[in-house]
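Scroll down for the structure; my scribbles are underneath it.
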Amino acid sequence: MRAACPPLPAPRTPPTLAGDLAIWIFILAELLAFGVFFIAYAFARANNPELFAAEQLALNRDAGAINTLLLLTASYFVVRAVHAAEAGQSRHGARWLVAALGCAAGFVAIKIGEYAAAFSAGISLSSSTFHMFYLSLTFFHFMHVLLGMVILGALWLNARRGLYGPHNMNGIESGAAYWHMVDLVWLILFPLVYVIR
Amino acid sequence: MNHDIRSANRRSTVLWVLLLAATVFTWAVGEGGSGGAAIAALLLGVAALKGAAVILDFMALARAPLLWQLITLGWLVLVCALIGLAYWKGMP
Amino acid sequence: MKYKSQAVAMPYFIAAIGLFVAQIVFGLILGMQYVVGDFLFPEIPFNVARMVHTNLLIVWLLFGFMGAAYYMVPEESETELFSPRLALAMFWVFLIAGALTIIGYLTVDYATLAKYTGNDILATMGREFLEQPLLTKIGIVVVALVFLFNITMTVLKGRKTAISVVLLLGLWGLAIFFLFSFYNPTNLVLDKYYWWWVVHLWVEGVWELIMAALLAFVLIKVTGVDREVIEKWLYVIIALALVTGIIGTGHHYYWIGTPEYWQWWGSIFSALEPIPFFAMTVFAFNMVNRRRREHPNKAAVLWALGTGVMAFLGAGVWGFLHTLAPVNYYTHGSQITAAHGHMAFYGAYVMVVITIISYAMPILRGRACNSPKAQVLEMWSFWLMTIAMVFITLFLTAAGILQVWLQRVAEEPMSFMAVQDQVALFYWMREWSGVVFFIGLLAYVASFFVKGKEQPAGA
């Protein structure tokens with residue numbers, strides 16, 4: 001009976017996580033932290049929608065949108081870097097990482113401008129519940145962008161030395177996954193805090 | 001192999017452009033100044049779709065074990081649903 | 001024992017266990033005073049018994065941490081300790097200073113003790129857990145600095161591993177945050193604010209690093225799992241512990257006069273503090289399941305797994321129960337806090353110190369592990385103490401819920417002392433659980449003296 005079976009098609013590679021299990025556990029914890037923060041924001045807003053809407057309107061949505069574009073683009077560049085490493089072109093991938101770092105730096109610059117404007121307008125953690133959330137959420141995310149940049153920098157140093165290749169993807173995939181997480185949470189943060197009323 | 005990577009590159013590029021477009025759309029709705037339940041639901045839906053694209057393609061979870069897909073997408077759905085619930089609760 | 005100088009850990013471990021016994025004796029006295037108010041009065045008033053109970057806990061855990069460091073660091077660094085003599089000298093300084101302090105607590109009244117020990121030069125006394133006289137505090141700093149010097153020099157001259165780096169980070173943090181015990185601003189809000197920098201940033205910050213390092217060390221030894229795998233987990237755990245623990249300090253800032261945003265920050269981040277503990281549980285079980293060998297010291301493995309579970313329950317779950325600001329508004333400073341404190345300290349720090357003692361002590365005594373008979377007794381002590389602690393926690397939780405209800409939620413709230421009478425039944429049950437705990441502890445001590453066929457060292 002067995003012999004009569006037709007030969008099986010060549011097996012596809014079994015499903016695997018891109019990156020180390022440890023970084024994924026860490027990412028899950030981060031997602032949980034941001035998730036709790038978002039939900040807390042949403043329910044705090046439900047108690048006082050008018051106040052939230054009024055102060056939300058005063059935010060700089062242009063800056064928020066440009067920052068979203070920058071993070072998405074950085075993420076895309078990181079994807080290209082990973083693909084380049086997979087094709088055995090680690091050094092080529094390093095250039096994509098530099099581009100990603102450039103976008104991230106742009107994000108940081110715009111964010112600092114936003115904070116400067118907010119502080120000069122007298123906005124602080126204690127000025128209102130909305131501003132508490134606005135500053136806390138964006139600053140918590142801001143710290144993650146900075147950490148993400150350190151990680152991308154480390155990937156860049158390694159990629160430049162040609163360290164990554166089809167048989168050594170663990171490091172670059174782990175770092176990339178972390179960066180995408182930073183992007184992912186911003187994709188919710190931006191509409192939630194800046195736009196949806 | 002290289003063929004696979006080229007097609008993966010193409011897919012990611014298309015998604016990137018779509019993600020940029022979706023962001024501009026969200027921004028434009030915000031500038032339009034309208035609010036309300038429908039708009040909130042629409043924008044949350046767009047955010048969820050963008051998140052799913054990043055999770056499945058950029059984070060390469062499309063080729064990860066099912067459990068991990070469920071966890072990450074489940075996070076996205078749960079967070080968006082609870083935000084939606086809170087907004088619905090806060091409707092005047 | 002791979003390095004001769006590891007032997008200095010032995011007196012530290014013995015002192016730790018001795019002080020542990022004393023701590024539990026005072027715990028029993030204290031538990032009795034909850035229901036029989038004038039028990040041993042005026043010889044040992046309630047406030048003194050409480051002070052001795054909590055101070056002894058901290059001191060013996062510090063003995064345990066130091067002993068653990070002296071045992072682990074030479075082996076991790078693959079070199080002898082920088083100065084075993086210094087380590088031994090500091091042991092006696094610390095032990096004598098600790099003993100004198102406790103004698104001071106018990107023999108003179110607190111105000112007199114304060115006068116004799118220079119509290120009018122620099123007032124640091126009178127704050128919960130930091131009651132030590134100025135001289136003792138200075139002594140602790142000196143001992144800690146010499147200890148850190150010794151350990152750091154050893155690490156610097158030898159191999160640097162993730163475990164020793166994390167351990168050093170934790171121990172240095174412990175010393176640095178203790179310095180805030182000398183800062184005692186007159187503004188009560190600021191006083192409390194910085195008081196938590198010692199108390200919280202110890203137990204929910206740097207001590208977690210020490211705990212993770214101890215656990216990782218023992219797990220490498222008893223499971224034979226690759227160091228790389230264990231180190232990866234270690235990094236994740238400490239990152240999670242620091243991220244949640246540092247900002248989680250905010251859960252103490254709800255009602256002391258600090259800005260309102262702490263209610264959000266504290267609630268959100270401290271709600272995530274169970275995560276590193278959960279990761280430690282998964283870590284411990286995962287490593288034991290993937291073990292490459294059967295270590296003959298079954299008792300040590302049991303303690304390691306127990307630490308994972310009990311730390312998660314006590315610190316994680318019981319902490320989460322009352323950490324959210326809207327809940328804490330009602331439960332603050334009730335018996336629920338006491339329930340959490342008991343199980344968290346036992347599950348996280350008591351058990352991790354016993355884990356390393358259980359692993360290291362037989363080796364220090366020249367054998368790979370104790371005889372099966374001794375191990376059986378030790379495992380009995382594990383179950384007795386652990387189950388007793390679960391019951392202590394459950395009874396205190398019940399007392400706490402009832403207390404919160406009667407005192408703070410009910411239509412016609414009762415006064416504090418009236419409520420104490422109402423929950424007396426739970427206090428009695430807690431006291432009996434404490435007796436069982438004490439029996440378990442005696443069994444633990446006895447297990448060191450059980451003879452039997454032993455395995456030779458090096459197995």
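Given the DSSP H assignment, sum -39500 (n - 2.57) over each helix run of at least 4 residues in chain C and divide by its residue total; what's the result at 222 nm in deg cm²/dmol, nearest 500? Each step should come with its number before you reach the end.
Values: 19 runs with 324 residues, N = 459.
It lands at -23500 deg cm²/dmol.
If the reach is capped at under 27 angstrom between alpha carbons, list the lysines near A:Lys111, excluding any in the same chain fewer than eight residues apart.
Cross-link targets: B:Lys50.
Rounded, prolate or oblate for chain B? Axes are the square roots of the Cα gyration tensor eigenvalues, ordered a ≥ b ≥ c, and the cut-off for rounded is a/c under 1.5.
On the way: a/c = 5.86, a/b = 1.59, b/c = 3.68.
The shape class here is oblate.
Tally Lys and Arg at +1 and Asp and Glu at -1 over the other residues with C-beta under 15 Å from the C-beta of C:Leu106: what net charge comes out? Write out the running numbers ahead of the final one.
On the way: positive: C:Arg50; negative: C:Glu43, C:Asp109, C:Glu131.
Overall, the nearby charge balance is -2.
For A:Asp183, B:Asp57, A:Asp62, give the ranking by accessible area with the largest first, probe 1.4 Å. Mind showing how you got there, number by number?
On the way: A:Asp183 0, B:Asp57 25, A:Asp62 70 Å².
The ranking, largest first, comes out as A:Asp62, B:Asp57, A:Asp183.
Using a 10 Å cut-off around each Cβ of peptide A:28-38, what is the average number of partner chain Cβ atoms that fall inside?
On the way: counts 5, 10, 4, 6, 5, 9, 3, 7, 7, 6, 5.
For peptide A:28-38, the averaged partner shielding equals 6.
Sequence gap at least 6, Cα distance under 8 Å: using those rules, report the relative contact order of chain C to the nearest whole percent.
On the way: 687 pairs, mean separation 65.9, N = 459.
Normalised by residue count, the contact order of chain C is 14 percent.
For segment C:100-152 and segment C:390-459, what is the centre-to-centre distance using only Cα atoms, to the nearest Å?
When both Cα centres are located, 29 Å separates them.
Let me know the mean shielding of B:76-86 by other chains, meaning the per-residue number of their Cβ atoms within 10 Å of its Cβ. Before the final figure, lay out the partial values.
On the way: counts 5, 0, 2, 12, 5, 1, 6, 11, 2, 4, 10.
Averaged over the peptide's residues, the number is 5.
Can you give the mean number of other chain Cβ atoms that lie within 10 Å of the Cβ atoms in peptide B:37-49? Show your work: numbers first, answer last.
Details: counts 0, 0, 3, 5, 1, 2, 6, 5, 0, 3, 8, 3, 1.
Partner-chain Cβ atoms within 10 Å, mean over residues of B:37-49: 3.
Which angle between 0 and 90 degrees, to the nearest 10, do you get for helix C:46-77 versus the longest principal axis of chain C when only C-alpha atoms count?
20
Taking a cut-off of 19 Å between Cα atoms, list the aspartates and glutamates near C:Lys157, but don't count ones fewer than 8 places away on the same chain.
C:Glu75, C:Glu76, C:Glu78, C:Glu80
Just to confirm the number: angle between the C-alpha axis of helix C:261-271 and the first principal axis of chain C, 0 to 90 degrees, nearest 10?
With rounding to tens, the tilt is 40 degrees.
For segment C:1-160, just the Cα atoms, rotate onto the principal axes and tell me the three extents in Å, largest first.
Here the Cα extents, ordered largest to smallest, are 55, 36, 21 Å.
Pull up the cross-link candidates among the lysines for C:Lys373, meaning alpha carbon to alpha carbon under 25 Å and not fewer than 8 places away within one chain.
C:Lys221, C:Lys298, C:Lys451, C:Lys453
Alpha carbon centre of segment C:302-345 versus segment B:22-46: separation in Å?
Computed from Cα coordinates, the inter-centre distance equals 43 Å.
Compute the long axis of helix C:227-248 from its Cα atoms, compare it with the longest principal axis of the Cα atoms of chain C, and write down the angle in degrees, 0 to 90, nearest 10.
So the helix axis and the longest Cα principal axis differ by about 20 degrees.
What is the ratio of the Cα radius of gyration of chain C to 2.2 N^0.38 Å, with N the residue count, to two decimals? Present the calculation step by step, with values, prior to reporting the outcome.
On the way: Rg = 21.6 Å, N = 459, 2.2 N^0.38 = 22.6 Å.
Against the compact-globule rule of thumb, the ratio is 0.96.
The values are calculated or read from the model by the stated rules, or taken from the named source; none is laboratory data. It should be emphasised that the depicted structure is a prediction, and the values quoted were computed from it without experimental measurement. Cβ coordinates were reconstructed from backbone atoms using ideal geometry, including for glycine residues, and neighbour counts include every protein chain displayed. Side chains included, ligands, DNA and RNA excluded: accessible areas come from the protein's heavy atoms. Shrake-Rupley method; radii C 1.70, N 1.55, O 1.52, S 1.80 Å.
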